[in-house]
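In what follows, a structure is listed as structure tokens, so that the remarks can point back to it.
Rule-based calculations on the coordinates, nothing more; no lab input. It should be emphasised that the depicted structure is a prediction, and the values quoted were computed from it without experimental measurement. Positions of Cβ are generated from backbone atoms using ideal geometry, with glycine treated the same way; all protein chains shown enter the neighbour counts.
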Amino acid sequence: MERLLKLVLAGAIAFAVTTTVASADAGKGQKLYSKKLLKACGINGAKMAAKHTQDQWEDIGVDGLKAEIKKDCPKVKDKALKSKYLKHYYDFFYNFASDSGNVPSC
């Protein structure tokens with residue numbers, strides 16, 4: 001019984017670590033915004049993120065983010081909106097939304 005409990009606990013810890021590593025990163029989103037979107041958008045990341053509240057960003061979601069960025073930044077190129085970047089952009093925008101109380105440094 002003790003052996004089974006240790007195995008289950010080890011599995012839970014491994015699962016927790018794996019999901020944390022696979023999640024998006026607001027810091028990476030901020031760097032990507034500065035690198036890939038800043039010039040095309042013409043506004044800094046703080047203003048872009050503050051265009052919506054956290055609830056509004058949730059409604060837009062990762063799936064609707066590409067269209068939302070294109071709406072606000074018509075000059076942006078498609079290669080800056082790769083699907084691997086969108087989860088990081090979303091996390092950045094969500095964490096620094098107008099109602100979050102957080103202010104990014106870009």
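Values computed for the structure shown
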{"item": "Neighbour-count order for 13, 69, fewest beta carbons within 10 angstrom listed first", "result": "13, 69"}
{"item": "Full-stretch length increase - residue 6, residue 53 - with 0.36 nm per residue and alpha-carbon distance subtracted", "result": "12.6 nm"}
{"item": "Dipole magnitude (debye, nearest 20) for the range 24-95, charges at Cβ of Lys, Arg, Asp, Glu", "result": "620 debye"}
{"item": "Rounded D (µm²/s) - the range 24-95, Kirkwood Rh over Cα pairs, Stokes-Einstein at 4 °C, 1.567 mPa s", "result": "111 µm²/s"}
